[in-house]
Amino acid sequence: MLRFRGSLRSHLNHRLWVAATLVLLAGCGDDEVGEKPDLPDETPALWNPCDVLDSGTIEREFGSVATEESGTASAPECRFKPDEKSGQAVVTASYTLFSGTLDEAWESMGQPEDAEVTEPEIDGADAARVVVDVVRKQLYVTGFVQNGELIQNVNVVDPAPYDEQAVLAGVRTVLTLLSQHAVESGVEETD
């Protein structure tokens, strides 16, 4: 399931690379060039999903007794990793900024043909998707929630034996918490 987030991140990195290339080309040569592309004046405020989630929430929702890892300031990813031999679910959460809709981002991601995809209603969210797949007796669930230009996601990998319905309920709860945080922070408001 991480391939979804990676594809979206690759798409966004490509957009930034194109914008940076245009700025560099605008400063080269003696020929007259058009206006510089409209780039943001400031870096958007970032947060870490660990601001919302904690090991107590993960244990309550997924049954995983896990250590919280919060990534770095430039790569904020909230990861909850249980003891390696525990057989418990690993949970990660992250986000990206995207000026289009979740539908547009979704089209660029590509989906496994045999995965089950649903569109749950999440309080305060513009859109949400949950993808479920089983590979080699492991349950993979990825949930996406959009609030304005913010697309947050949660990934759960749970080895057998797993309770799919309990994991799905936990993912919906986490998506709701992430969406509420976006609404309370005012991030869903776009220009």
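The values are calculated or read from the model by the stated rules, or taken from the named source; none is laboratory data. As the structure is a prediction and not an experimental result, all values here were calculated from the model. Backbone-built Cβ (ideal geometry, glycine too); neighbour counts: all protein chains shown.
Restricting the first member to segment 76-87 and to residues that are at positive phi, and the second to residues that are of a type outside the set (A, V, I, L, M, F, W, C) and outside any strand (DSSP E or B), the beta-carbon pairs closer than 9 Å and six or more apart or on different chains are Gly87/Pro161. The conditions of being closer than 15 Å to Phe62 by Cα and touching a residue at least 12 places away in the same chain (Cβ under 8 Å) are met by Leu177.
Give the residue that is nearest to Ala166 (Cα to Cα), with candidates limited to residues of segment 135-150 that are crowded, with 16+ Cβ neighbours inside 10 Å, over 13 Å from the mean Cα position of the chain (by Cα) and not hydroxyl-bearing (Ser, Thr, Tyr). Spell out the reasoning first.
Within segment 135-150, the subset crowded, with 16+ Cβ neighbours inside 10 Å is 139-150.
Subsequent filtering for residues that are over 13 Å from the mean Cα position of the chain (by Cα) retains 139-140, 148.
From what is left, the residues that are not hydroxyl-bearing (Ser, Thr, Tyr) are 139, 148.
Numbers: Leu139: 12, Gly148: 28 Å.
It comes out as Leu139.
Taking the residues in segment 151-190 that are crowded, with 19+ Cβ neighbours inside 10 Å and small (Gly, Ala, Ser) as candidates, determine which candidate is farthest from the chain's Cα centre (by Cα). By that ranking, first place goes to Gly170. Within segment 44-59, not a single residue is among the polar types (S, T, N, Q), at pLDDT 85 or above, touching a helix residue (DSSP H, G or I) at 6+ places or on another chain (Cβ under 9 Å) and in a strand (DSSP E or B).
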